[in-house]
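Data first, discussion second: the structure below is written as structure tokens.
The values are calculated or read from the model by the stated rules, or taken from the named source; none is laboratory data. Fair warning: this is a prediction, and the values are worked out from it, not measured in the lab. Don't worry about glycine lacking a Cβ; one is built from the backbone with ideal geometry, like all the others, and counts go over all protein chains shown.
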Amino acid sequence: MDNPIILIVVGVIVGLIIGFIIAKTMEKNNASKLIKSAKKNAASILKEAKSEGETIKKDKILQAKEKFIELKAEHEKVILSRDKKMAEAEKRTRDKESQISNELSRNKKLNAEVENKIKDYNHRLNVLDKKQSEIDRLHKSQVQQLEVISSLSAEEAKEQLVESLKGEAKNDAMAYIQGALEEAKLTAEQEAKKVIINTIQRVGTEEAVDNCVSVFNIESDDVKGRIIGREGRNIRAIEAATGVEIIVDDTPEAIILSCFDSVRREIARLSLHKLVTDGRIHPARIEEIVKKTKKQIEQEIIEVGKRTVIDLGIHNLHPELIKTVGRMKYRSSYGQNLLQHSREVAKLCGVMAAELGLNPKLAKRAGLLHDIGKVPDAETDMETPHAILGMQWAEKYGEKDDVCNAVGAHHDEIEMKSLLAPIVQVCDAISGARPGARRQVLDSYIQRLKDLEDIAFGFNGVKKAYAIQAGRELRVIVESEKVNDEKAAELSFNISQKIQTDMTYPGQVKITVIRETRAVNIAK
């Protein structure tokens, strides 16, 4: 125990224990003080919260009372308006009830009147039936008396009356038709002439005559021998390859190519030109040159078609139709080049359509394609009219209905369904009727005139008939005893209709009926 270290350690431990006890005691005192202050703060907070709650409670009670008063006022307004509407509905109901009662009383009166009228009607109907039976009996007796007097039955008399009425009606109809035609001519003829004349004046004329022969010019007559070849083998090779007859005669510096097909003539002409220019002329070379020339002509046909549609401002034309247009360059109709004719018709159609307020592009299209049926291919049915064939091709390659109808109807093979058709027909006649534009074979020309006269002789009362003015006028002389003035007008109309139905001709034909009365006496 006397060890000082132990004493020191014990002293330190005791000191620490005493310090700890003192610290705990101080913390306990501080905690009690904090608890007391917290209790005071909580009490004050509770007091303030209670006062604020009372204030909020009073405010909410006041707001609830005000809201209740507002809702009560609105509810009273709704009840008042509903009462007012109910009063009005009751008033309307009372008015309708009074109105219905009035109408019921009125209907009772009307029903009584209607019953009286029905009785009166039935009485009158019975009286009328009796009178009708009496009238029928009298009518039968009168008809019997008339049949006895006239020696005709009722059916025979009716037939005679109908026939007489038919004649009068026919004369009246002819007079009306003639008057209508004259009136239409007075109002429309001047305007039509103006449109046609303006159209013709605004389109330049290109006349082209295509013959069945072509002349190939050479520099000297020595070339003829080289073209003929040894024992004529060169000229035979050319004829066999092209299908063209080569005529070598005494004509100086010229060789004649003869063939009805202008495409073959052009192939032969170009082939000869290449052979003469090259200088090598023998059968193998001839066949080679002709083959190349055919391809060149086919390409040129396509180029001609493209240039034509571009010049006319026509777009989206099918390539096959473009090729057909190009082939027109080597076709002719009555001596008139088909391509030049179609170009002219297209220009005339465009101008005339513009004058009439129609679509000039469609009119040009129809005018250019109107004669494509005259350009045959390997599959063409030669018995089909060219207008119908052209219409079928136009339909096949997607042309519009108006264009197809105009192509098919320009020679009246089918019915015209649009205004483009008569425009194409008129412009085709204008182009074909230009002086020098066409040549017809004399036999067909004479036959057409004879057919005109024969049609006139097919009608009763015709004494003489003369086709004059190159077939533009038919002059008919009738017997005055058989044909009166009214029948003369009717005869002229009937002949014109017969010509339109049975014949195809360019332009128009004027029919003049002449009736002459002569009184002849002899003084002795």
Got at least one residue in region 294-301 being of a type in the set (A, V, I, L, M), at pLDDT below 90 and either part of a helix (DSSP H, G or I) or not assigned by TED's automatic domain parsing to the domain that holds Gln392 (or both)?
-> yes
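Suppose the filter is within 19 Å of Gly432 (Cβ to Cβ) and either in the same structural domain as Gln425 (by TED's automatic domain parsing) or surrounded by fewer than 24 Cβ atoms within 10 Å (Cβ to Cβ) (or both); does Leu338 pass it?
Yes: the conditions hold for Leu338.
When you scan region 476-508, how many residues do you find that are closer than 26 Å to Asp172 by Cα and either in a helix (DSSP H, G or I) or under 41 Å from the mean Cα position of the chain (by Cα) (or both)? Quick ask: steps written out before the conclusion?
Taking region 476-508 as the starting set, the residues that turn out to be closer than 26 Å to Asp172 by Cα are 476-501.
With the extra rule that they be either in a helix (DSSP H, G or I) or under 41 Å from the mean Cα position of the chain (by Cα) (or both), the set shrinks to 485-501.
Total meeting the criteria: 17.
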Consider His318 carefully, then state whether it is in the same structural domain as Val426 (by TED's automatic domain parsing) and in contact with a strand residue (DSSP E or B) (Cβ under 7 Å, 6 or more places away or on another chain).
-> no
Could you tell me which residue of region 389-443 is modelled with the lowest pLDDT, considering only residues that are of a type in the set (D, E, K, R) and within 24 Å of Ala354 (Cβ to Cβ)?
-> Arg434
Given the structure, is His123 modelled with pLDDT of 85 or more, in a helix (DSSP H, G or I) and either surrounded by 10 or more Cβ atoms within 10 Å (Cβ to Cβ) or not aromatic (Phe, Trp, Tyr) (or both)?
-> yes
Identify, please: which residue in region 401-421 is outside any helix (DSSP H, G or I) and of a type in the set (A, V, I, L, M, F, W, C) and is, among those, nearest to the chain's Cα centre (by Cα)?
-> Leu419
Would you be able to tell me the number of residues in region 475-515 that are loosely packed, with under 12 Cβ neighbours inside 10 Å and more than 19 Å from Glu453 (Cβ to Cβ)?
-> 2
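Being in contact with a helix residue (DSSP H, G or I) (Cβ under 7 Å, 6 or more places away or on another chain) and more than 27 Å from Ser431 (Cβ to Cβ) is the requirement here; does Val325 meet it? I'd like the intermediate steps shown before the answer.
Details: in contact with a helix residue (DSSP H, G or I) (Cβ under 7 Å, 6 or more places away or on another chain): yes; more than 27 Å from Ser431 (Cβ to Cβ): no.
No.
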Tell me which of these Asn316 doesn't satisfy, since it passes every other one: (1) in contact (Cβ under 8 Å) with a residue 12 or more places away in the chain; (2) under 17 Å from Val403 (Cβ atoms).
-> (1)
